[in-house]
Amino acid sequence: MKRHAFSAAAFTGAILGAAMFASPAMAQDEEKFITIGTGGQTGVYYVVGQSVCRLVNRLDDANIKCNAPSTGGSVANVNGIKSGQLDMGVVQSDVQYQAYNGTGNFEGEPFEDLRAVFRAHGEPLTILARADSGIETLDDLEGKRVNIGNPGSGQRNTMEVVMEAKGWTEDSFSLASQLDAAEMASALADNNIDAMAYVVGHPNGSIQEATTTVDSRLIPLNGEAIQGIVDEYPYYSMSTIPGGLYKGNDEEVETFGVAATFVTTAETDEEIVYQTVKAIFDNFDRFKKLHPAFANLKPEEMVSSGLSAPLHDGAARYYREQGWIE
Ligand code: GLU
């Protein structure tokens, strides 16, 4: 009995040992995990990431398990991809350009392995101010309590460009708060700030939350400083926020902005990126319905403009098969 028990244990141990040795290799062959960096939960990136994962996880043969956690935003996503914590991410087109070329916040550190996958929706710089703050133009932000964005977010990156163009520093505001995207709307409603800045697709939950809880207005950004930025940098263009999307904001508002883009690194497996873009574009009508900001997306445009890093080989293979690129 004792002997038998011993050999059973030894047998079980041998099986477990074999399984432990075999499982990493088997897991690699069978199941691949990818993590996509997004943004705050009340933004659109979170929906982009969740939508992509939903389609990727439905693939029958690819066996990719995709997850898309909330993150600090564009700059945090680039840094997460660089450090290997993220496989892919959603980043603003200005951030993609700066990261790949080593300019702006990435001065002197070009991320040469950064690879573009596709461009998604447009993202205007959106300044929302409390109606009782007296803010009507960009210049009126001076001396006010302004949320310039958490470090790591795209809005912080773009606000720094605006502040530089205006000759402003953080001291130009009575408060330059650095709240995360998901915290801004309630801070505005609670009168802890006068205005919030968000580079984001429309409509989005954060602006919806703020405008329904406090009288607030979208501020036009179309003066000389903004024109100067748009003229100077190829990745900025004038854009508009349609009227009627948010309570109390019926008129279209002129501002400037970027595009949201999907990026990865050259090190990400070609087949994984191929399967990811295939999951999206083979099911494009379904993808477009996942958020109203995706409504006007056209595949041919998404793969050919607004990208400054080279296309990832896996994405390029699929786009070539579709005849969208040479
Ligand atoms: N553009 C923002 C950023 O880069 C995120 C917007 C969103 O989450 O939709 O941080």
**Study point:** Rounded, prolate or oblate (a/c below 1.5 giving rounded, otherwise prolate when a/b exceeds b/c) for the stretch 224-326 by Cα gyration tensor
**Key:** oblate
Point to revise | 5 angstrom amide H check on N249, placed H, neighbours 5+ away | key: G244
Study note, to complete from the structure: Across D60, D140, D94, the residue with the highest GNM fluctuation in the chain (Cα network, 10 Å cutoff) is D60
**Study point:** For T261, distant residues with modelled amide H under 5 Å away
**Key:** V91, Q92, S93, A120
Check your understanding: Short version: ³J(HN,Hα) in whole Hz for each residue of the stretch 44-50, in order, from phi by Karplus 6.51 cos²θ - 1.76 cosθ + 1.60 (θ = phi - 60°), x for Gly and Pro, what are they?
Key -> 9, 4, 4, 5, 4, x, 5
**Study point:** In order through the stretch 76-83: 3J(HN,Hα) via Karplus (6.51 cos²θ - 1.76 cosθ + 1.60), integer Hz, x for Gly, Pro
**Key:** 4, 5, 4, 5, x, 5, 4, 7
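Is the C-alpha gyration tensor of the stretch 118-226 telling us rounded, prolate or oblate? Criteria: a/c under 1.5 is rounded; beyond that, a/b larger than b/c is prolate, otherwise oblate.
Verdict is rounded for the stretch 118-226.
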Point to revise | Phi to ³J(HN,Hα) by Karplus 6.51 cos²θ - 1.76 cosθ + 1.60 over the stretch 276-289, Hz, x for Gly, Pro | key: 5, 5, 5, 4, 6, 7, 6, 10, 5, 5, 5, 4, 4, 7
Review point. Can you give the three extents of the C-alpha atoms in the chain along their principal axes, from longest to shortest, in whole Å?
Key: 86, 53, 40
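Read the figures in this text as sums done on the coordinates, not as results from a lab. Just so it is clear, the model here is predicted, and its values are computed rather than measured.
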